[in-house]
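Contents: one structure, followed by commentary.
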Amino acid sequence: MTDLAPEAKDGVDVKTEGKPAALAVWILFALTPLTTGLTAVIGVIVAYTQKARAADLARTHFETQIRLFWSALIWMVLFTVAWWISLALTTVVIGIPLVFLFWAAILLLGAWFMVKAVVGAMALSADRAP
């Protein structure tokens, strides 16, 4: 017989299991623009490995983090390819404004990613879904 409450398993509250890892992933995501994506890769690996054994709230955050990573990666690849094409088009005058347009889009994508990470961390701290 154990002294643990029915909501606890192995000394860990089942309702909050995975919450520290989900918060760590949000923090890693927030640092992503400063590390050129390295922390996002680490964060998505953590999210994939922790998702299966997490409580409902943390699992929801992990799923959101995984979706956020893949959507941001796809947009980053598309914007980067478009930027390189527009850079090649600078030999003709049409490429010059496009270079700045896609460079701004990449910066806005990084800002959006950081804001989503901060809002997600705040929601997790308040025990809300992302």
**Complete:** With bins of 5 Å, the percent of all Cα-Cα pairs of the chain per bin from 0 is 2, 11, 18, 17, 13, 10, 9, 7, 5, 3, 2, 1, 1, 1, 0, 0
**Request:** Sum -39500 (n - 2.57) across every DSSP H segment of at least 4 residues in the chain, then divide by the residue count to get the 222 nm mean residue ellipticity, nearest 500.
**Result:** -24000 deg cm²/dmol
**Complete:** For LEU73 the rounded accessible area (nearest 10 Å², probe 1.4 Å, non-protein molecules ignored) is 70
**Prompt:** Relative to the longest principal axis of the chain, what angle (0 to 90°, nearest 10) does the C-alpha long axis of helix 19-30 take?
**Reply:** 10
**Between helix 38-50 and the chain: long-axis angle, C-alpha atoms, 0 to 90°, nearest 10** = 30
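Which order do you get for MET114, MET122 if you rank them by accessible area with a 1.4 Å probe, largest at the top? Each step should come with its number before you reach the end.
Numbers: MET114 70, MET122 120 Å².
Ranking MET114, MET122 by accessible area, largest first, yields MET122, MET114.
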**Message:** Explain nothing, just compute: Karplus ³J(HN,Hα) = 6.51 cos²θ - 1.76 cosθ + 1.60, θ = phi - 60°, for every residue of the range 114-130 in order, whole Hz, x for Gly and Pro.
**Reply:** 5, 5, 4, 5, 5, 5, x, 5, 5, 5, 5, 5, 8, 6, 10, 5, x
**Prompt:** Using a 1.4 angstrom probe and counting only protein chains, how large is the accessible area of ILE96 in Å², to 10?
**Reply:** 80
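The values are calculated or read from the model by the stated rules, or taken from the named source; none is laboratory data. The shown structure was predicted, so the numbers you read here are calculated from the model rather than taken from an experiment. Side chains are part of the model used for accessible areas, which takes the heavy atoms of the whole protein and leaves out ligands, DNA and RNA. Shrake-Rupley method; radii C 1.70, N 1.55, O 1.52, S 1.80 Å.
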